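First the structure, in the form of structure tokens, and then the observations on it.
The values are calculated or read from the model by the stated rules, or taken from the named source; none is laboratory data. This one's a predicted model, so the numbers in the text were calculated from it and none came from an experiment. Neighbour counts run over all protein chains shown; Cβ positions are idealised from the backbone, glycine included. Remember, those area values only see protein heavy atoms, side chains included, never the ligands or the DNA or RNA. Shrake-Rupley method; radii C 1.70, N 1.55, O 1.52, S 1.80 Å.
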Amino acid sequence: MSHDDDSFRGYDHRLMGRLMGYLTPYRAQVAFAVLVVLADSVVGLAGPYLTKEAIDNGIRHHDGVHLHYVAILYLAMLGIGVGLGYLHSQVMQRVGQSIMLDLRLALFRHLQRLPVSFFDKNPIGRVMTRVTNDVDTLNELFTAGMVSAVGDVFTVIGVVIAMVHLNAELLAVAFSVLPLIVIVTLVFRARVRRSFRDIRTRLARLNAYLNENLTGINTIQLLNREERNAEGFRERNAGHRDANLQAVFYHALFFPSMELVGAVAVSLIVWYGGRQVMWTGITLGTLVAFLQYTQRFFRPIADLSEKYNTLQQAMASSERVFELLDTPVAAGLEGRAPVIAASGANGAPHIAPRAAPTDAPVAPPGETQGAARLPASKGRIEFDGVGFAYDGEHRVVEGVTFTIEPGERVALVGPTGSGKSTLINLLLRFYEPQQGEIRVDGVPLRDWDPYELRRRIGVVPQDVFLFSGSIAGNVGLGLEPGDASRERIVRAARDAHADEFIERLPGGYDAQVRERGATFSAGQRQLLSFARALARDAGILVLDEATSAVDTRTESLIQRGLNELLRSRTSLVIAHRLSTILDADRVVVLHHGRVRETGTHAELLALRGIYARLYELSCLSGSGRMTGRKPVRSAMLERDGGVPETQVVDTRMHMD
Amino acid sequence: MFALAQPQYLSRAVDDLYKGVTAAKLGQYAVILFLISLVGGTFKYFMRQTIIAISRHMEYDLRNELFEHLLTLPVSYFQRRTTGDLMSRATNDLAAVRMMLGPGFMYLVNTVVVAVLAIGFMLAISPRITLYAVLPLPLVSLTVWFFGDRIHRGFEGIQAQFSALSARVQENLAGVRVVRAFAIEESEIELFRALNVEYRDRNHRLIRASGLFHPVLTFFSGLAALLGLYLGGREVLAGRITLGQFVAFIVYLAMLNWPVYALGWVINLFQRGTASYARIVQLLDVAPEITSPAHPVTPGPARGEIEFRHVTFRYPGTTEPALRDVSFRVPAGSTAALVGHTGCGKSTVLSLLPRVFDPEPGTVFLDGVDVREFDLHELRRRIASATQDHVLFSETVAANIAYGAPDAGAAAIEQAAARARLDEEILRFPKGYETMVGERGITLSGGQRQRACIARALLLGSPVLLLDDCLSSVDTDTEEGILRGLREHGHGRTTLLVSHRVSTVRDADVILVLEDGALVERGRHDELIALGGRYARLVREQQLEEEIEAS
């Protein structure tokens, strides 16, 4: 993805064309807005002309009735101006907002279909910027930019025509200051922009320093650093202040300079126009109207130069947005949308124009592209010569072949980096293997509909990810609204032994998860994760056992919850606890990405191979440390007495 | 102010036009008009340069004051408040105050001066039409004030929704594997859509208000111009004023436009500014609870003798005591270890000594003096801590190690790093000791951070060393090396250490076992084993664990 800092980009016809595509659904509104803007410009231009009428034909000819009519006409114009101005802003802002909604949803929807590998390569912050800030920049273009620009251009042309009509010579005089304005504006704009960039950097530095000091306040006080850090802060603060003073200086110079240029124009008009009044009979009304038109001429010019900036930024933003939209979706999802084709409240289609993939009708799960449609899953899993490299080069797993029969429980054991998690990632089809294939119920993964496949697999990751929302919503994650009854959720929580702590929460099942569940203990999070998998009631269970130490009581709850979870399911468990390994029907030992041994705990010990060595090693180091992994904080000192035996057997054979 | 003379000359020029005037006279008028603008512009330049610049200086001072004040507040204060909230005080609230003092004040002055003079001149031309023509102008101020406030609040609501929207995207992307694994893309999109629709609706509501703002404003100022034109025109017709005066009148009226507009804005700025200022003052008024006594005692030489006498301590805002009647004495130069499970009060003991939290008077003593009688800086100079949170700063590795002793030389820094067993790794960093830590540099691992903090504490050379569970992410060999180094090169430092590992504490001169804030056992490793109490049970459990694993 392109960098975020080059926020300006030249005009690009291809990008603009694609952007304009988003306006298509709203072309009627846009056309209306353009008409309104044109009318508004005409009304705006009428003011000075009416003034001239009032002065020349009303006042100077002592025609009170005419003055009266002109005044009424003027008032009517004002009223119409209010109406048109309001209409214009309403229509365009609404269109802008609707386009933003369309674009954001298109982006978000696209993100839901991107392969997991995309998120390995692109930092979340950057992707977020596409959906949030970049779309906002485009909104600027749609609402404040294009249509107003039409109005501005029209106003400028209108003013010039009116002035030519009034007096072409005087126009030439007034325009003689134009180059001056351009020069002053250009010089200052370049400087002010640089100065603003400087201010932003310094403010960021100042705030970073402040933030760091607030976070590390304890350390600072203990080290008697208050004086020195106050000095450090003063320095950064002064840098920020001076950068601002620089900008103040530019502004102080710029605004009066512009007024001065304006004054030059007025002086010239008085001088030259006055002579004309004397000798060529130009009227006073014309002179006054002319002065007013001059003022109205410069404002849209300044606006237009502002809009050019908007356009440049929009170009840069749209390039990044489209680049994201053009990123190929995950395998198996080509040409299908993951969602019901819902349409917005205003009836506007939410499918991006020219973004062909999302246009495809939504197929019911399991019916697309010959995807297998199967009755209830028996849960037979076959790894057949599977090989995979994240970078396409360095194989993380190679030639992995083993089968899990329906209802069988298989423990996956191996040192850190042996490829255990990769196998799970491949089974869930987060990545596509480069070699061999994985079959579920005899059907190769590539023939499965990814959503259908994942619905059949319950997953308990090592560290549970809680979404903001209620506890109930988190337990019932991924259930169809019809299935997510409170009853089912409570039953799942009870079976996982999570009900006890949930009911103690203020609000119980409706308690809100805060800070991604940081307020829960590691043990509580695990129990929630079990409850989540139980509620899902999938035939296949994939579990990556957590390694975090928890208190005794929770530990025994987890043991019981785990047994409940694994009962009568086909399961693949990355095991860290000896008890889990002992309970498995079979242990598969993975080393350097290859299956090295298979069998029961006893068989493998008798084999005196890798498993036996792993086991021995974990026994020797009291803390259960292995393979360079950080020691589990020797659990004993953390616990109170009366540790049940199951827990003491807490052999963390490997933890990653 | 000078600009206000301009219409006077414009008026004379226009009148002269009809009485007959020479080209030279016209040129003179043009030059005068230009000169007036020049002088006026110069004044405006200086006005900005002074008023706005002064507001920047005041912002600078206020921000420094705020920062220095924050540094005096106790840790307990920061536990009650979020960093984000304090940051917002120091940025948004300060900005609002600065806007009030700078542009707010400037435009207020400008408005008052221009309004008084322009209306004065207009009154001189014709009191009657002035009255009518000026009538719509307060409406302009009112409009700006009314809409300005609503737009501001509407905008805040939109910002809040935008944050919610961003948070949603962030969560979805961070949890991408869970989203995929649970196939919840559909409901995620629905949630996102709902937030977006609300965002759009809030924008629509703002648009309804702001869309009226400018047209209404244009209408009111146009109305004033119209009234001037119409009424002024009738005065000319009636022969009460000259055409020149009429033109001058219209120009004065136009001049009032911006000031009355600014007035409404200024009112908003003052409303926001005073509210923000109140919040800042509130923060500045928070008394630093932990300070040096008015007359600190002059303590004797620093030896490092620690004593707790019947210490019972409750954290601010809690009722359950974190420590219950804890008494112990650590003679200068010896090592005491605190053990017990999480939440038993080990860290609390360590935080009372340097007054991170304040103990009751007459309960905690250093070198025979109540810690509350010490000068705060002197007290903390005698204590070197490596805390649990192992905070490092965005400085070089060397500056981080020397954070408590900024004048330390390179040799001392390297020695401290060596004692913390960090020296070899530092040499492998891209720029060695000059490598930046943090966002603009490298990220240290948990174990490296812990050892950097130990090095920082060791460099201080204080007689007391507090180590709060700061070896947990360090492997056992390295830990052993560090502890051995401390014993050998400790130079008779009193060491108070908290650990979860038996291997860390077994060689301490005294082991203090805490449970629920109470000191339940004390003694050497062998003594406590012989005692057969809680510590012995902990050790036995560990042995048992090893035996079962070995079976």
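Observations
- Applying the criterion of at least 1 residues that are at negative phi and basic (Lys, Arg) to the helices (runs of 4 or more DSSP H) found wholly in region A:105-179 leaves A:116-121, A:124-129.
- Options B:Ala405, B:Ala386, B:Ala420, B:Ala398; residue that is surrounded by 18 or more Cβ atoms within 10 Å (Cβ to Cβ), in contact with a strand residue (DSSP E or B) (Cβ under 6 Å, 6 or more places away or on another chain) and among the aliphatic types (A, V, I, L, M): B:Ala386
- Residue tally, condition within 26 Å of B:Asp526 (Cβ to Cβ) and part of a helix (DSSP H, G or I), over region B:343-357: 3
- Restricting attention to region B:457-497, the residues that are assigned to a loop (DSSP other than H, G, I, E, B) and over 12 Å from B:Ile383 (Cβ atoms) add up to 10.
Residue by residue, here is whether (1) in contact with a Gly (Cβ under 8 Å, 6 or more places away or on another chain); (2) in a loop (DSSP other than H, G, I, E, B) holds:
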residue	(1), (2)
B:Leu253	yes, no
B:Leu263	no, no
B:Leu269	yes, no
B:Thr312	no, no
B:Tyr315	no, yes
B:Ser327	no, no
B:Ala332	yes, yes
B:His341	no, yes
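- Selection within region B:474-519 - within 18 Å of B:Arg449 (Cα to Cα) and open to solvent by 40 Å² or more (accessible area, probe 1.4 Å): B:Asp475, B:Thr476, B:Asp477, B:Glu480
- Taken over region A:58-68, the criterion of being surrounded by 16 or more Cβ atoms within 10 Å (Cβ to Cβ) and either aromatic (Phe, Trp, Tyr) or at pLDDT 80 or above (or both) is satisfied by A:His66, A:Leu67.
Okay, residues lined up against (1) hydroxyl-bearing (Ser, Thr, Tyr); (2) under 20 Å from the mean Cα position of the chain (by Cα); (3) open to solvent by 30 Å² or more (accessible area, probe 1.4 Å):
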position: B:Ala96; (1), (2), (3): no, yes, no
position: B:Ile129; (1), (2), (3): no, no, no
position: B:His152; (1), (2), (3): no, no, yes
position: B:Ile158; (1), (2), (3): no, no, no
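- Scope region B:240-275; condition small (Gly, Ala, Ser) and surrounded by fewer than 19 Cβ atoms within 10 Å (Cβ to Cβ); matching residues: B:Ala254, B:Ala275
- Restricting attention to region A:231-244 and to residues that are surrounded by fewer than 20 Cβ atoms within 10 Å (Cβ to Cβ) and out of contact with any Lys or Arg (no Cβ under 6 Å at 6 or more places or on another chain), the residue that is nearest to B:Leu38 (Cα to Cα) turns out to be A:Asp242.
- Flag for B:Leu71 being facing chain A (nearest Cβ under 7 Å), crowded, with 16+ Cβ neighbours inside 10 Å and touching a helix residue (DSSP H, G or I) at 6+ places or on another chain (Cβ under 9 Å): yes
- Hey, B:Arg381 open to solvent by 20 Å² or more (accessible area, probe 1.4 Å), of a type in the set (Lys, Arg) and more than 10 Å from every other protein chain (Cβ to nearest Cβ) or not: no
- Condition met for A:Val135 (surrounded by 20 or more Cβ atoms within 10 Å (Cβ to Cβ) and within 30 Å of A:Gln90 (Cβ to Cβ)): yes
- Unique match (being at pLDDT below 75 and small (Gly, Ala, Ser)) among A:Ala289, A:Ala341, A:Ala331, A:Ala316: A:Ala341
- The one condition from (1) closer than 30 Å to A:Thr327 by Cα; (2) open to solvent by 20 Å² or more (accessible area, probe 1.4 Å); (3) part of a helix (DSSP H, G or I) that A:Tyr11 does not meet is (3).
- Taking region A:62-103 as the range and being part of a helix (DSSP H, G or I), more than 7 Å from every other protein chain (Cβ to nearest Cβ) and more than 27 Å from A:Ala149 (Cα to Cα) as the test, the residues that pass are A:Val65, A:His66, A:His68, A:Tyr69, A:Val70, A:Ile72, A:Leu73.
- Residue check, A:Gly469 surrounded by fewer than 16 Cβ atoms within 10 Å (Cβ to Cβ), in contact (Cβ under 8 Å) with a residue 40 or more places away in the chain and within 29 Å of B:Arg168 (Cβ to Cβ): yes
- Subset of region A:558-579 (residues that are out of contact with any Phe, Trp or Tyr (no Cβ under 9 Å at 6 or more places or on another chain) and either open to solvent by 10 Å² or more (accessible area, probe 1.4 Å) or within 14 Å of chain B (Cβ to nearest Cβ) (or both)): A:Gln559, A:Arg560, A:Asn563, A:Arg567, A:Ser568, A:Arg569, A:Leu572, A:His576, A:Arg577, A:Ser579
- For the criterion of being under 46 Å from the mean Cα position of the chain (by Cα), within 8 Å of another protein chain (Cβ to nearest Cβ), open to solvent by 60 Å² or more (accessible area, probe 1.4 Å) and not aromatic (Phe, Trp, Tyr), B:His214 passes.
- Of everything in region B:78-93 that is within 20 Å of B:Ser276 (Cα to Cα), more than 7 Å from every other protein chain (Cβ to nearest Cβ) and part of a helix (DSSP H, G or I), the residue that is least open to solvent (accessible area, probe 1.4 Å) is B:Asp93.
- Scanning region A:72-100 for residues that are farther than 23 Å from A:Thr24 by Cα, out of contact with any Pro (no Cβ under 7 Å at 6 or more places or on another chain), open to solvent by less than 40 Å² (accessible area, probe 1.4 Å) and free of Cβ contacts under 8 Å to residues at least 12 places away in the same chain yields A:Leu78, A:Gly79, A:Gly83.
- Restricting the first member to region A:104-121 and to residues that are within 9 Å of chain B (Cβ to nearest Cβ) and more than 11 Å from B:Glu185 (Cβ to Cβ), and the second to residues that are among the aromatic types (Phe, Trp, Tyr) and part of a helix (DSSP H, G or I), the beta-carbon pairs closer than 9 Å and six or more apart or on different chains are A:Arg104/B:Phe192; A:Arg104/B:Tyr199; A:Leu105/B:Phe192.
- Here A:Ala247 does not qualify as surrounded by 21 or more Cβ atoms within 10 Å (Cβ to Cβ) and either modelled with pLDDT under 80 or not basic (Lys, Arg) (or both).
- Residue within region B:146-153 that is at the interface with another protein chain (Cβ under 9 Å from one of its Cβ atoms), in contact with a helix residue (DSSP H, G or I) (Cβ under 7 Å, 6 or more places away or on another chain) and either β-branched (Val, Ile, Thr) or not in a loop (DSSP other than H, G, I, E, B) (or both) present: no
- Residue count for region B:37-69, restricted to those that are at pLDDT below 90 and within 30 Å of A:Thr219 (Cβ to Cβ): 0.
- Pair list, Cβ under 9 Å, 6 or more apart: region B:185-206 residue at the interface with chain A (Cβ under 7 Å from one of its Cβ atoms) and more than 25 Å from A:Val116 (Cβ to Cβ), other residue open to solvent by 40 Å² or more (accessible area, probe 1.4 Å) and part of a helix (DSSP H, G or I): B:Arg200/A:Arg94; B:Asn203/A:Gln93; B:Asn203/A:Arg94; B:His204/A:Gln93; B:His204/A:Arg94
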